[in-house]
1. I need the full set of residues from region A:181-239 which are polar (S, T, N, Q), free of Cβ contacts under 8 Å to residues at least 40 places away in the same chain and surrounded by 15 or more Cβ atoms within 10 Å (Cβ to Cβ), in order please.
2. Determine, yes or no, whether B:K2 is within 14 Å of another protein chain (Cβ to nearest Cβ), farther than 22 Å from B:G153 by Cα and either within 16 Å of the chain's Cα centre (by Cα) or exposed (fewer than 13 other Cβ atoms within 10 Å of the Cβ) (or both).
3. Hey, among the residues in region B:73-86 that are more than 7 Å from chain A (Cβ to nearest Cβ) and touching a helix residue (DSSP H, G or I) at 6+ places or on another chain (Cβ under 8 Å), which one's nearest to A:I48 (Cα to Cα)?
4. Could you tell me which of the residues B:L70, B:L164, B:L97 is in a helix (DSSP H, G or I), in contact (Cβ under 8 Å) with a residue 40 or more places away in the chain, within 26 Å of A:Q99 (Cα to Cα) and more than 14 Å from every other protein chain (Cβ to nearest Cβ)?
5. So which of A:V22, A:V5, A:V79 is more than 26 Å from B:L71 (Cα to Cα), of a type in the set (A, V, I, L, M, F, W, C) and surrounded by 23 or more Cβ atoms within 10 Å (Cβ to Cβ)?
6. Going by the structure shown, is A:L282 assigned to a helix (DSSP H, G or I), modelled with pLDDT under 80 and surrounded by 11 or more Cβ atoms within 10 Å (Cβ to Cβ)?
7. Take region A:87-102 and flag every residue that is facing chain B (nearest Cβ under 7 Å) and under 27 Å from the mean Cα position of the chain (by Cα).
8. So which strands (runs of 3 or more DSSP E) stay within region A:145-254 end to end and still have 1 or more residues that are of a type in the set (S, T, Y) and at pLDDT 90 or above?
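The values are calculated or read from the model by the stated rules, or taken from the named source; none is laboratory data. Here the structure is a predicted model, which is why all the values come from computation and not from measurement. FYI the Cβ positions are ideal-geometry reconstructions off the backbone, even for glycines, and counts take in every protein chain you see.
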Amino acid sequence: MPALVLDHVSKHFGKAEALNDVSFAVDAGQIVGLVGPNGAGKTTAMQIAVGFLLPSSGGGWLMGHRFGDAKARQLLGFVPDAPVFFAGNAFDSLRFAAQLQDVTPTREAMERVLTRVGLTEWKRDVRRFSRGMQQRLALAQALVHSPRMLILDEPASALDPQGVLEVRALLKELRAEGAAILLSSHQLSEVALVSDRIAILHEGRLLRYGQLDELIGSTEQVEMVLRSFTPDAEFVARWGEPNGAGAWRIPSKGTRDFLEDVWALGAELMSATPVRGDLTSLFLEWTGSEVRQ
Amino acid sequence: MKPLMKSLRIARQLLWMNRWLWLLLVLWPWGMAAMLLAGGLHPAPEDVEAALEQQSIYGLALVAFTGGALLGNEQRSRRIVLVLSRAVSRREYLGALWLASFLPLVLYVLDLALTGPMLGVSALVLWQALGALLLLSLMTASLAVLASLTLPGVVAGMVSLVVLSVPLLLPPGWQMAQTRLLQVLLSGPATDHVRIAFGAGLLETVVLSAAIFESAVRIFERRDLRLKSE
């Protein structure tokens, strides 16, 4: 059974619909990237999985237990979007988090975890940490009891580039160790680099879910550059206006039809370059967002 | 045992976060004693009994207002996320809130037990007042935790005190042991059937507190956490 299963989950807050019939799963040894614009429902989905919110309909399982069951969270590590802590130093925070998971860590084990997440400041009151350090500490708290499932809500949003690289490496290590990871982030390139599967949420609906290669493959385009060609109205109606560089971007499966139209109008093809999409273009295309300059 | 240990660990964190408030309240009986003894004069028994009565009501208010405010504070600060994302049930969490509102009262009662004899309070008056305070606080903590699920902190505290006082309004034939405890707290010691009143009061308060706490757990388990989004 997958480590995490969302099964037709819907969530309403009054009349507002936060999630609508969302289903996906995260298997052991797999990272699933959860992406979507602000308000898409990413945090709601994660909060339902952790048990903070109850689904309006549908349900799911976390480590074989129903959402909300404390036993389910025994093997869960969770990093919230804005971590907060009780008073104390890094060791106090780690010990408290571990004890709530029925684990009593040794000093050496805590030092190992803190080193692993790159936190070097151990003695100061953690509430005075920078946001980046707090994020590292939250990650350490999530890892201190060796969880089999991780739910990470923007775990690197406050980290510097070096920190982002370290988190990326850490996630890959954890996946290799067999952990299942659900990762939400606005840093789409980071998500694309580490995720085995991507779930794109928009306005509470799951728009796409699958392997990145499959998703990107479905939007492959070809950029066509033509010589001595003035398109007529019928051509423009079918293929649109050329872009700024005087080229047309068309779906790769429409190449043959495009060329037939071009040749029928007596134009000459100068070049045809496959354009491979990336997660960002995919995201913008499916969520209907526009690149703002 | 494990659930209680978890609740105690969480309660300890909550108490530490509010340590200055507790400290101030725990020092209050000593401050009152110092004021009454100031100038080397021995205070009149009526003054001492009035002060004890007043302090007992403060004690109940302490439990009601802290019990009513804790859940809201923890949700607002989002520290609840740190706790409930771990292997902690909602029951254990509410248990921690209950303990964090009741345990300072135990210290407060100890303070009163120590300062009372210094002021010349008779043993009968003291043990009855403090016994009634402890028993009624069990109930107040449960009521405050229940009320805090739906009401803002101060309102929850006030509502729990009002509900606690309802037995005083019951007609004589319907009076509960709790009514007797409230009377002891508000009007001084009872001499008639006091053992029966305390024995029944203990049973009644424990049963009612447990029932109210259980209702709070059932409701909390069926509710979303109210988390401010960042």
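1. A:Q187
2. So B:K2 fits the description; yes.
3. Ranking the candidates gives B:I80 first.
4. B:L97
5. A:V22
6. yes
7. Selection gives A:A97, A:Q101.
8. In region A:145-254, A:180-184, A:205-211 are the strands (runs of 3 or more DSSP E) which contain 1 or more residues that are of a type in the set (S, T, Y) and at pLDDT 90 or above.
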